[in-house]
1. Rounded to the nearest 0.05, what FRET efficiency is calculated for residue 100 and residue 36 with R0 set to 41 Å and r the Cβ-Cβ distance?
2. Using the Karplus equation 6.51 cos²θ - 1.76 cosθ + 1.60 (θ = phi - 60°), what ³J(HN,Hα) coupling, rounded to whole Hz, does each residue of region 44-55 give in order, writing x for Gly and Pro?
3. What are the aspartates and glutamates whose alpha-carbon lies under 20 Å from the alpha-carbon of residue 56, with same-chain residues fewer than 8 places away excluded?
Amino acid sequence: MITIDVKQVLIGLLLLAAVILVIFLIVMVANLITTLKKVNGILDDTSAVTTIVHEKAEETKPLVDELSGAVMSFAGAMKGNESSIASISSISKALSSMVSVIKNSKK
């Protein structure tokens with residue numbers, strides 16, 4: 001006759017649960033590695049885009065400053081501090097500079 005001790009059954013069940021847990025953890029770590037590789041690729045792409053945007057922002061900053069100055073001089077001309085022809089001329093120069101930068105960036 002075979003006798004089964006309750007203590008041995010519980011130890012066997014705990015060992016079976018431990019094996020299932022280890023397999024589950026192995027699968028989870030494999031999925032985590034795949035996910036981290038994808039996230040790393042996304043971060044690399046984000047870094048490249050951020051670098052490009054920073055370069056373009058630095059490139060257009062002087063043009064924006066020039067355009068801002070031209071608009072301020074136009075506002076001054078409207079108040080009577082400067083001739084309106086000179087202020088319109090400076091605005092058109094600033095806008096043409098901005099257009100040329102936009103055309104060059106599309107190439």
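1. The pair residue 100/residue 36 has a calculated efficiency of 0.40.
2. Result, rounded to whole Hz: 5, 5, 5, 5, 5, 5, 4, 5, 5, 5, 5, 4.
3. By straight Cα distance, residue 56 reaches 44, 45, 65, 66.
A short reminder: the numbers here are calculations on the coordinates, not readings from a lab. Computed from a prediction, not measured in an experiment: that's the story for all the values here. FYI the Cβ positions are ideal-geometry reconstructions off the backbone, even for glycines, and counts take in every protein chain you see.
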